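Just so it is clear, none of the values below were taken in a lab; they were calculated from the coordinates. No experiment lies behind these values; they were computed from the predicted model shown. Glycine also receives a Cβ, built like all others from the backbone with ideal geometry; neighbour counts cover every protein chain displayed.
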There are 2 protein chains.
Amino acid sequence: MSTSTEAPLFAVVMAGGSGTRFWPLSRGRRPKQFLPFAGGRSLLAATVERLAPLVPVERIQVVTVAPVADATRRELPELPAANILVEPEGRDTAACLGWAGWRLAEVQPDAVMVVTPADHVIPDGGALRRALAAAAEVAQKRGGLVTLGVRPTRPETGFGYLELGEKEEERWGLAVHRVSRFVEKPDLERARSMVQAGNFRWNAGMFAWRVEVLQQAIRRYLPDLAAGLDRLMADARVEGEQPALARHYPTLPRTSIDFGLMEKADEVRAVATEFDWCDVGSWNGLAEILPAGEAGVTLGEVISLDAENCVLVSDGPLVAAVGVRDLVVVATNDAVLVVPRAQAQRIKELVAKLQEAGRDSLL
Amino acid sequence: MSTSTEAPLFAVVMAGGSGTRFWPLSRGRRPKQFLPFAGGRSLLAATVERLAPLVPVERIQVVTVAPVADATRRELPELPAANILVEPEGRDTAACLGWAGWRLAEVQPDAVMVVTPADHVIPDGGALRRALAAAAEVAQKRGGLVTLGVRPTRPETGFGYLELGEKEEERWGLAVHRVSRFVEKPDLERARSMVQAGNFRWNAGMFAWRVEVLQQAIRRYLPDLAAGLDRLMADARVEGEQPALARHYPTLPRTSIDFGLMEKADEVRAVATEFDWCDVGSWNGLAEILPAGEAGVTLGEVISLDAENCVLVSDGPLVAAVGVRDLVVVATNDAVLVVPRAQAQRIKELVAKLQEAGRDSLL
């Protein structure tokens, strides 16, 4: 697929995620984007593979954090080493995308940049590329910030929403709207009414903009971030990128691109997408993306006898489940988790307990 | 403690057990007697240690089977190597004890022999030794076959029972009765009525007899076994024990000492014991011998959060249990079992399924 944007198209993959919701499979040095939830491949590898027909790998940049930089390089052998940008520490998405934008502006000031997270599941790669191509064209031709608005499938309270305003046009068969407003994580009632209303979309962290538009917006709405990035880039030109990063990056303001920029900017558009999308937010989320068998959803070496509606995952020892239902079992070589599906969110309590107990090798 | 028997006292530990009820912790080459259910030590090591004050280790003989012979030797470094008797294959308890008796008769024809299984839990070693000393004295002084009658604590349908008849005397504070009859594994109603009656005891595989009395009884009630053992011993004298064993042992009749001998013999006595005893027949049985904590019974590296009435066992990976109840979780380095306590007996179905699937390395 090619796009009709005239400026060169770059992709930035945000791969700095961390988290404990997939413990014990995910660890500090193996966060969710490395997990084999994409038909045996990692979410990260699948993300890059999905983008590649639209954006050649030479122009795909992956932003990650120091602790998982080596793992990221190993996971993406097809990517030029220089395309893996390593934050000394995570400073949230505004700093991540700002830094990627400032760097890109130096080499390709007229670039259009599309952005996706590294840890989501989108089975229909073609549909994603169509939506990103549409967003890139809108960003190129109209300016402003463009986001993908994912059709909500349930009243999820863990996501942000955006309200579609005036429809301006169609591109690649998709409606392009002005965004009237963003709604932060709502309560259940509010989420229900938004889903029912039909003109609200999930804000799923996928964007497009011209690099110069991004810079202008950051200068206006996040001036401290802009100033920090200016200093970083100036020093990097003189002393090299690593020392400049080490000194300046940890001082960048920590805010999200949604809260810091998208919700404040005047000119925001959304491409209304129709594709299936899943952020795989927890072990239960696996049930949305993997086909269910007799025992429920299984991954890796699993044997079961009259198990029902379970999530059974092995990354090491065989998992043998007999007569259990509605249970999550995850086995790795050094830790095994057993928790009812309805209590899967309590993994963070468990991880906190392990931290208190000083069990760092398991985290 | 010393006993007043005049003849030398020998002990025979039956350690040829196999089975799948403790899968995945127990395996073909690591049956139940090797499991660390005795305060971190194996049941086998604890059994020998319990006997040692009564019977010096030089006179404790352990009968095991070829596949676990090396493991048995490693587990009992204090035992002279010659005291570990290795059956080429298991031929049930009559052959096991017959062979041990025939061998002992050659070197010590006036020996008294006490017998215990290797895989039971008896917390009060002193009480066991008192009972065995009493049984040995009765066997020495009165002749006949003597068994320990363990006080039943529940209407168990998986055990054999014996009925206490006339009380003949007391020794070491324990009543010695004639046995009126044996009852094979009863149904629940029958088991209940026996436990209520008060004069029934569990037949728990612990015996005492003079070696010559054992030989006479086997010659009378199991003449084929006696003939086979005669041939085995005769050939062993000429050509050595290994070739003789290899040729004759697999031909010995396969029957239990209970069914083949005790239930048929005229003169059987029982020492009525009062000590706590547990055969640890399944994962649920662990709850009888280990102290229960908040989560239930745990063994090895376990962490839990609001788990209740579980059996949580680790022999490798940490087991982390959150919000589960009435569940058995057993984790080893290559297999993890999860099964409700009420369905623990279904492990054998699971093991059969693994066998069908050719997963021999896990069995």
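Counting just the Cα atoms, what span does the protein assembly as shown cover along each of its three principal axes? Round to the nearest Å and put the largest first.
Cα spread of the protein assembly as shown along its principal axes, largest to smallest: 108, 51, 41 Å.
Looking only at other chains, what is the average number of their beta-carbon atoms within 10 angstrom of each beta-carbon in B:132-141? Could the numbers behind the result be given before it?
Numbers: counts 0, 0, 0, 0, 0, 0, 0, 0, 0, 0.
The shielding value for this peptide is 0.
Could you please state, rounded to a whole Å, how far the C-alpha centre of segment A:124-165 is from the C-alpha centre of segment B:86-145?
After rounding, the separation between the Cα centres reads 80 Å.
Tell me what chain B gives for mean residue ellipticity at 222 nm when only DSSP H runs of n ≥ 4 count, each as -39,500 (n - 2.57), the sum divided by the residue total, rounded to 500 deg cm²/dmol. Walk me through the intermediate numbers first.
Values: 10 runs with 110 residues, N = 363.
Taking each H run of at least 4 residues, the total per residue is -9000 deg cm²/dmol.
Please report the projected area of segment B:162-297's Cα convex hull averaged over all directions, in nm².
Values: hull surface 49.6 nm².
For segment B:162-297, the mean projected area of the Cα convex hull comes to 12.4 nm².
What is the mean number of Cβ atoms from other protein chains located within 10 Å of the Cβ atom of each residue in peptide A:47-59, rounded to a whole number? Show your work: numbers first, answer last.
Numbers: counts 0, 0, 0, 0, 0, 0, 0, 0, 0, 0, 0, 0, 0.
The shielding value for this peptide is 0.
Using only the Cα atoms of segment A:253-327, what semi-axes does the equivalent ellipsoid have when each is the square root of 5 times a gyration tensor eigenvalue? Give whole Å, largest first.
Details: eigenvalues 317, 43, 18 Å².
Semi-axes (√(5λ), whole Å): 40, 15, 9.
For each pair in B:K141/B:K167; B:K32/B:K264; B:K32/B:K353, compute the distance between the two Cα atoms and list the pairs where it is over 19 Å. Don't jump to the answer; show the numbers that get you there.
Details: B:K141/B:K167 16 Å; B:K32/B:K264 30 Å; B:K32/B:K353 21 Å.
Going by Cα-Cα distance, B:K32/B:K264; B:K32/B:K353 fall outside the 19 Å limit.
How do B:324-331, B:231-238, A:304-311 rank on mean C-beta neighbours within 10 Å, highest first? Could you put the intermediate results ahead of the total?
Working: B:324-331: 24.0, B:231-238: 15.1, A:304-311: 20.4.
Answer by packing, highest mean first, reads B:324-331, A:304-311, B:231-238.
Report, please, the projected area of segment B:75-170 averaged over directions, based on the convex hull of its C-alpha atoms, in nm². Intermediate values should be presented prior to the final figure.
Working: hull surface 35.0 nm².
Average of the hull's projected areas for segment B:75-170 equals 8.7 nm².
State the percent of C-alpha pairs, over all pairs in segment B:9-273, separated by a distance greater than 32 angstrom.
Details: 6573 of 34980 pairs.
Cα-Cα pairs of segment B:9-273 separated by over 32 Å account for 19 percent.
So how tilted is helix A:188-197 from the main axis of chain A? Cα-based, degrees 0 to 90, rounded to 10.
Between the helix axis and the principal axis of chain A, the angle is about 60 degrees.
Provide a whole-number value for the mean count of partner chain Cβ atoms within 10 Å of the Cβ atoms in peptide A:321-330.
Values: counts 5, 12, 9, 8, 1, 0, 4, 2, 5, 2.
Per-residue shielding by partner chains comes out at 5.
Order by neighbour count: B:D266, B:D334, fewest other Cβ atoms within 10 Å first, most last. Don't skip to the end; give the middle numbers.
Working: B:D266 9, B:D334 17.
With the fewest neighbours first, B:D266, B:D334 line up as B:D266, B:D334.
Size of the dipole of segment A:9-273 about the Cα centre, Lys and Arg at +1 and Asp and Glu at -1 on the beta carbon, nothing else charged, in debye to 20?
On the way: 35 positive and 32 negative charges, 109 e Å.
Roughly 520 debye, rounded to the nearest 20.
Taking H as built 1.01 Å from N, whose amide H comes closer than 5 Å to the amide H of A:A118, not counting residues under 5 places away?
A:M14
Using each residue's phi in segment A:267-279, evaluate 6.51 cos²θ - 1.76 cosθ + 1.60 at θ = phi - 60° and report the 3J(HN,Hα) Karplus result to the nearest Hz, with x for Gly and Pro.
Working through the residues one at a time gives 10, 10, 10, 10, 8, 7, 9, 10, 6, 5, 9, 8, 8 Hz.
Going by amide H atoms built from the backbone, whose H comes under 5 Å of the H on B:V62, apart from near neighbours?
B:V13, B:I84, B:L85
Return the percentage of antiparallel bridges among DSSP beta bridges fully within the protein assembly as shown, rounded to the nearest 5 %.
Details: 64 of 140 bridges.
Here the antiparallel bridges make up roughly 45 percent for the protein assembly as shown.
Treat every Asp and Glu Cβ in the protein assembly as shown as -1 and every Lys and Arg Cβ as +1, leave all other atoms uncharged, and give the resulting dipole magnitude about the Cα centre to the nearest 20 debye. Before the final figure, lay out each step's value.
Working: 82 positive and 94 negative charges, 43 e Å.
Roughly 200 debye, rounded to the nearest 20.
Ratio of Rg to Rh for segment A:284-362, alpha carbon only, Kirkwood? Let's see the in-between values first.
Values: Rg = 13.0 Å, Rh = 13.0 Å.
Computed over Cα atoms, the ratio is 1.00.
Could you check which residue among B:P31, B:P77, B:P152 shows the biggest mean-square fluctuation in a GNM of chain B with a 10 Å Cα cutoff?
B:P77
Among A:C278, A:L350, A:L25, flag the residue with its Cα farthest along the positive direction of the charge dipole of chain A, charges on Cβ as +1 for Lys/Arg and -1 for Asp/Glu.
Final value for the positive-end residue is A:L350.
To one decimal in nm, how far is A:N309 from the same spot in the other copies, if labels go 7 Å from Cα toward Cβ? Please give the shortest first.
Once sorted, the set of distances for A:N309 reads 2.1 nm.
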